[in-house]
1. Apply 1/(1 + (r/R0)^6) to the Cβ-Cβ distance of residue 127 and residue 9, taking R0 = 30 Å, and write down the FRET efficiency to the nearest 0.05.
2. Which ordering of 94, 25 is given by a fewest-first count of other beta-carbon atoms within 10 Å?
3. What ranking do 117, 142 get, fewest neighbouring Cβ atoms within 10 angstrom at the top?
4. For 186, 111, which order do you get if you count the other beta carbons within 10 Å of each Cβ and list the fewest first?
5. Over the Cα atoms of segment 112-157, compute the convex hull volume and normalise it per residue, giving Å³.
6. When N is the residue count of segment 1-41, what does its C-alpha Rg come to as a fraction of 2.2 N^0.38 Å?
7. Compute the length gained on full extension between residue 189 and residue 96: take 0.36 nm times their separation in residues and subtract their Cα-Cα distance, giving the result in nm to one decimal.
8. Counting alpha carbon pairs within less than 8 Å and at least 6 residues apart, what relative contact order, in whole percent, applies to segment 1-124?
């Protein structure tokens, strides 16, 4: 079974310095920006997904260790492996992955990392149960924990259950960060051929202006 060092050697082999420069600008890694200090290898998401298929048997402990990497693509790979393990695993495995995820939110620190994992790990585990944790995350000082809270509800939206999305949108209405406005807008619009949630009067009309704009960050993700 391949371990972390094998994965890191492959990441290094696949690295593209020119793409890395583009990604570091795109993800705003400069001083004072939301992604300050993040390091990219320059590997695309489709290539990373191929690595998931190759290394999906990585032990949970190794995936947790990989999630602490300073390299963005290594953290993304760790998360996508955890998503796959959660999809295939039993309740005990899914619960363990959920706990591991929430213990490592400090390194789930970019919108793509959140958006490709939160619904599948946090949203799926909490489905049908107590959602109090989402409301605590929504009030966190951490930008990324607040984004996890709202994006996790995409699991419910896909199943026609928008109640917690609407309630969390209310909680996050006054948030000052652009990335939260965009995430709320994305959840309220959904990504379906028809509207998921119809326009509503009253408080909903006060949704931050950025929530009604197409999100500039979405196109880099390979999702439909």
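No value in this document is a laboratory result; all are computed from the given coordinates. The structure displayed is predicted, hence computed values, not measured ones. Heads up, the Cβs are rebuilt from the backbone with ideal geometry, glycines too, and the neighbour counts pull from every protein chain shown.
1. After rounding, the FRET efficiency stands at 0.20.
2. So the residues, fewest neighbours to most, are 25, 94.
3. Going from sparsest to densest Cβ surroundings: 142, 117.
4. In increasing order of surrounding Cβ atoms, one gets 186, 111.
5. Residue-normalised Cα hull volume stands at 54 Å³.
6. Cα-based Rg divided by the globular estimate yields 1.41.
7. Result for the pair: 30.3 nm of gain on full extension.
8. Dividing the mean separation by the residue count of segment 1-124 yields 22 percent.
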